Amino acid sequence: DGDDELIQNLLEPFNKDQIINLLRKAADKHCDVADRIRKVADEDPAHCKIFVHSLGWDTTLETLIVVFKEWVF
């Protein structure tokens, strides 16, 4: 669409903080925007993190295997 291309052209020069601020304000005023942001975040594996007590954020796959191998059948 011409409108989509126009919006993209307007957004391209913005930096990350400006885009985040715009989206945050839009989500505050429009539930459908907030719902869409949540849906996209839920589908993104980068947002699927869990906290495991005593494991640091720098834990690797190898560390996880060592820690959890006693429970693997």
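Counting only helical runs of four or more DSSP H residues, what would the 222 nm mean residue ellipticity of the chain come to if each run contributes -39,500 (n - 2.57) and the total is spread over all its residues?
-19000 deg cm²/dmol
Hey, in the GNM for the chain with a 10 angstrom Cα cutoff, which one of Leu22, Leu61, Leu11 fluctuates hardest?
Leu61
Using a 1.4 angstrom probe with every protein chain in place, what is the largest-first accessible-area order of Ile65, Ile19, Ile50?
Ile50, Ile65, Ile19
Shape of region 3-44 from its Cα gyration tensor (a ≥ b ≥ c, root eigenvalues): rounded if a/c is under 1.5, otherwise prolate when a/b > b/c, or oblate?
prolate
Got a number for the accessible area of Leu6? Probe 1.4 Å, square angstrom, nearest 10.
In the full protein context, Leu6 sits at about 100 Å².
Given a cut-off of 19 Å, what percent of all Cα-Cα pairs of the chain lie beyond it?
Percent of Cα pairs beyond 19 Å in the chain: 61.
How many lysine pairs does the chain hold where the Cα atoms are under 18 Å apart and the two sit 8 or more places apart or on different chains?
Lysine pair count for the chain: 4.
The values are calculated or read from the model by the stated rules, or taken from the named source; none is laboratory data. The model shown is predicted, which means the values in this text are computed figures rather than measured ones. Side chains included, ligands, DNA and RNA excluded: accessible areas come from the protein's heavy atoms. Shrake-Rupley method; radii C 1.70, N 1.55, O 1.52, S 1.80 Å.
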